[in-house]
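Note sheet for the following structure.
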Number of protein chains: 2
Amino acid sequence: MAKSLPVSPLAPTDVPEMPAIAGVRLATAAAGIRYKGRTDVLLAVMDKGTTAAGVFTKSKCPSAPVEWCRAVLKNGKAQALVVNSGNANAFTGKTGKTSTKLTGDIASKAVGCKPNEIFLASTGVIGEPLDATKFNGVLATLAESAGPDGWMDAARAIMTTDTFPKVATATVKLGKAKVTINGMAKGAGMIAPDMATMLSFIFTDAPISAPALQALLKAGVEDSFNAVTIDGDTSTSDTLLMFATGAAAAQGAPKITKASDIRLKPFVKALNVILNDLAEQVARDGEGARKLVEVVVEGATTKASARKIAMSIANSPLVKTAIAGEDANWGRVVMAVGKAGEPANRDKLSISFNGIRVAKLGARDPSYDETEVSNAMKNPKVQIKVTLGLGKGRDRVLTCDLTKEYVAINGDYRS
Amino acid sequence: MAKSLPVSPLAPTDVPEMPAIAGVRLATAAAGIRYKGRTDVLLAVMDKGTTAAGVFTKSKCPSAPVEWCRAVLKNGKAQALVVNSGNANAFTGKTGKTSTKLTGDIASKAVGCKPNEIFLASTGVIGEPLDATKFNGVLATLAESAGPDGWMDAARAIMTTDTFPKVATATVKLGKAKVTINGMAKGAGMIAPDMATMLSFIFTDAPISAPALQALLKAGVEDSFNAVTIDGDTSTSDTLLMFATGAAAAQGAPKITKASDIRLKPFVKALNVILNDLAEQVARDGEGARKLVEVVVEGATTKASARKIAMSIANSPLVKTAIAGEDANWGRVVMAVGKAGEPANRDKLSISFNGIRVAKLGARDPSYDETEVSNAMKNPKVQIKVTLGLGKGRDRVLTCDLTKEYVAINGDYRS
């Protein structure tokens with residue numbers, strides 16, 4: 001976080017131009033939350049009438065901002081989002097609550113709305129008190145200077161150990177009007193399903209009611225952010241928020257009140273593509289990652305069972321270090337299948353690496369050529385496919401390899 | 001495995017003299033299972049009348065030798081144990097079964113007993129066929145040369161990535177007679193509760209029936225081997241076997257048929273010390289380990305809940321890399337408590353590192369001195385103590401730190 005890390009070799013090469021979203025204005029600043037001279041605050045101001053949805057960490061010890069968001073989300077309305085990096089305001093006791101309240105007050109005055117229309121997210125070190133007085137003045141200035149552009153700056157302001165900013169965008173038809181969806185996210189460690197020190201914010205000008213927005217977001221997260229793991233560690237601060245300004249209603253977009261509304265079809269498809277894209281970028285920026293790993297499990301008894309087995313493989317240090325060593329060590333994949341505790345029959349298992357089958361029916365595939373597999377493992381993207389041969393359950397999760405760099409980054413994070 | 005690794009800095013400095021156990025004879029050889037010129041076979045021959053007990057991996061994809069042992073254990077009698085390193089004979093399909101059968105046949109002829117009195121264990125690479133014909137001749141020679149000494153050689157023959165042999169011994173009274181317990185174990189990666197690529201063999205001359213021996217072993221494993229984790233990965237081959245020759249009956253030791261027999265008290269105590277000692281040695285030899293980590297959780301709602309939380313902490317890559325970096329990063333401990341999914345109240349949590357409280361009641365302990373903690377973290381043994389403040393549940397698990405060496409060892413194991 002203090003140091004600037006070399007950009008992940010898995011960073012996407014095509015970074016989209018981020019368009020403006022009617023009803024959203026952005027501004028960033030260096031408030032000195034932890035380090036001097038580093039952009040560490042993002043303010044997003046939304047027009048009156050903006051609806052909100054959110055999905056949060058399942059940690060039993062959530063951060064103060066997560067508790068704040070859960071409370072204000074009941075209201076379903078948003079006028080501003082304040083994000084800071086450098087300090088997670090997590091495990092900060094009563095100070096944490098005082099901090100979020102003060103930030104909410106400062107922001108609501110700066111923007112001119114009620115505190116329960118302010119959303120907060122913090123990421124960075126856990127357990128250090130967050131001095132919210134640092135937002136004093138800063139947020140008022142930001143509210144004045146906020147403008148429709150600056151999406152890349154916004155994505156950069158929320159980074160911690162991320163090595164590249166993560167954005168995605170799509171424009172689709174809602175009724176006869178064009179609506180836009182913009183998203184940003186930050187990773188990059190403590191990433192595990194349900195979700196991660198993962199912050200992600202999605203904005204759209206589509207006019208969608210808060211309950212409908214919540215339903216879309218909840219459904220979309222299951223196979224995107226919840227299907228990514230870096231290290232099996234779940235943050236106290238995971239936050240995915242979505243805001244819909246409704247500004248596209250002026251261009252004739254119909255007002256949507258139900259997630260099942262048939263007119264939403266292209267919108268839902270685009271939203272899911274964005275969520276998947278951002279989730280994949282998080283995996284691509286896993287701390288120390290050199291390889292993007294896709295684990296596909298098929299032939300399980302159910303999708304849930306396939307997910308558990310895929311996660312067991314994706315979280316196995318032995319599998320992940322083997323991938324780092326470009327070793328198609330399917331024995332360790334078997335181990336990870338076995339430890340998942342889900343139905344599996346050793347003698348029906350088949351395993352492929354990047355499309356090359358190395359094991360079938362519980363033993364080494366006699367046709368498997370070590371050189372061919374070794375070459376395939378040099379690819380920066382590795383797919384591990386496990387076929388269980390029991391049923392029709394299928395699932396897929398993303399992860400990355402476990403390298404010495406991961407250990408270096410995390411053995412030296414606080415200092 | 002091919003390379004010889006530097007001895008773990010956590011290796012015990014006091015290695016006990018291993019006495020003979022009446023009724024047990026040992027021999028080792030280099031059979032060229034995987035590498036030439038490396039001792040890789042252990043034969044232990046036991047006198048007629050020896051009883052057996054065993055606890056095995058919970059993997060759904062167990063190795064062929066584990067399936068073999070489970071089957072012969074029903075018989076409760078043992079006359080020989082054959083262990084090979086270099087090849088785990090796991091995920092070898094029908095070949096695996098053929099292999100164990102052939103090994104059982106060769107061993108039973110060499111020793112002069114039935115195949116169902118032979119116990120087998122294999123450790124090493126998974127998924128490669130084990131050529132059991134290599135035992136031909138070798139086991140007969142070993143059976144002839146086997147003697148009462150050579151316990152350290154035996155412990156060395158079963159090593160894979162272990163950097164030191166692991167043994168423990170105790171002599172206690174059973175009735176008025178002296179009985180001896182000897183144990184050996186190998187680790188060192190893929191170590192997780194229930195158990196690990198962990199092989200351990202315990203021998204005693206006490207006359208204890210097979211059912212009683214099984215009950216003692218099952219009870220003893222819970223807070224020893226099942227309370228150790230290196231990387232959360234569970235092997236397909238975990239095997240803990242115990243053999244009682246009964247030879248001490250000649251010196252007047254009473255024949256024990258029930259685990260609850262009051263006369264067993266000193267024996268059970270000594271057995272548990274040995275199991276704990278060996279389990280701790282496994283943690284001390286965790287791949288790449290530089291620090292032994294003891295995680296104590298108290299104040300949980302139950303012991304089982306405390307165990308789950310302790311395991312969540314002990315398996316967290318972020319906690320383990322922080323320890324490697326000598327960083328008392330209690331924020332990550334909070335994270336690991338939160339992700340365990342067990343009852344926890346953030347605002348009642350206290351956390352200590354090596355006796356120094358760094359957090360209390362859900363926030364940083366105001367009296368905590370960074371320099372004092374930093375110095376304490378330099379200790380090769382680190383205790384993380386979490387007090388939940390909810391109930392009386394307490395538990396303790398052992399692990400080690402996660403270093404770049406772990407990644408190096410496991411990124412390059414097969415080659």
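The values are calculated or read from the model by the stated rules, or taken from the named source; none is laboratory data. Since we're looking at a predicted model, the values are computed, not measured. For neighbour counting, all protein chains shown are included, and Cβ atoms are generated from backbone atoms with ideal geometry for every residue, glycine included.
General observations
- Residues in the range B:244-255 that are touching a Gly at 6+ places or on another chain (Cβ under 9 Å) and not small (G, A, S): B:T245, B:P254, B:K255.
- Selection within the range B:111-137 - at pLDDT 95 or above, surrounded by 15 or more Cβ atoms within 10 Å (Cβ to Cβ) and either β-branched (V, I, T) or farther than 18 Å from B:T39 by Cβ (or both): B:V111, B:C113, B:P115, B:N116, B:E117, B:I118, B:F119
- Filter result for the condition that a residue is within 30 Å of A:A90 (Cα to Cα), assigned to a helix (DSSP H, G or I) and of a type in the set (G, A, S), over A:S312, A:S235: A:S312
- Scan the range A:246-300 for residues that are hydrophobic (A, V, I, L, M, F, W, C), within 25 Å of the chain's Cα centre (by Cα) and not in a helix (DSSP H, G or I) and the total you get is 7.
- Within the range A:220-229, the residues that satisfy the criterion of being in contact with a Pro (Cβ under 9 Å, 6 or more places away or on another chain) and outside any helix (DSSP H, G or I) are A:V228, A:T229.
- For the condition in contact (Cβ under 8 Å) with a residue 24 or more places away in the chain and within 30 Å of B:P16 (Cα to Cα), B:A314 qualifies.
- Of all the criteria given as (1) within 12 Å of chain B (Cβ to nearest Cβ); (2) out of contact with any strand residue (DSSP E or B) (no Cβ under 6 Å at 6 or more places or on another chain), the one not satisfied by A:I323 is (2).
- Criterion: over 20 Å from B:S59 (Cβ atoms) and not assigned by TED's automatic domain parsing to the domain that holds A:T161 - qualifying residue of A:K348, A:K339, A:K404, A:K320: A:K404
- Identity of the residue in the range B:344-373, on the phi > 0 side of the Ramachandran plot and at pLDDT 90 or above, that ends up nearest to the other protein chains (Cβ to nearest Cβ): B:N354
- The residue that is farthest from B:L213 (Cα to Cα), counting only those in the range B:275-290 that are surrounded by 24 or more Cβ atoms within 10 Å (Cβ to Cβ) and among the charged types (D, E, K, R), is B:E287.
- Taken over the range B:1-28, the criterion of being at pLDDT below 95 and either among the polar types (S, T, N, Q) or not in a loop (DSSP other than H, G, I, E, B) (or both) is satisfied by B:S4, B:S8, B:T13.
- Filter result for B:V382 (within 14 Å of another protein chain (Cβ to nearest Cβ) and part of a strand (DSSP E or B)): yes
- Criterion (assigned to a helix (DSSP H, G or I) and either at pLDDT 85 or above or not polar (S, T, N, Q) (or both)) met by exactly one of B:E326, B:E405: B:E405
- Every pair of residues 6+ apart whose Cβ atoms lie under 6 Å, when the first sits in the range A:342-362 and is surrounded by 21 or more Cβ atoms within 10 Å (Cβ to Cβ) while the second is aromatic (F, W, Y): A:I351/A:W330; A:V358/A:W330; A:V358/A:Y368; A:A359/A:W330
- Contact map, the range B:226-243: residues that are at the interface with chain A (Cβ under 10 Å from one of its Cβ atoms) and under 21 Å from B:V293 (Cβ atoms) paired with residues that are modelled with pLDDT of 80 or more and not in a loop (DSSP other than H, G, I, E, B), Cβ distance under 6 Å, separation 6+ or inter-chain. Pairs shown: B:D231/A:P317; B:D233/A:L318; B:T234/A:K339.
- Annotation note: Cβ proximity below 9 Å between a residue of the range B:244-268 that is farther than 21 Å from B:V221 by Cα and a residue that is basic (K, R) and in a helix (DSSP H, G or I) (sequence gap 6+ or interchain) occurs for B:P254/B:R263.
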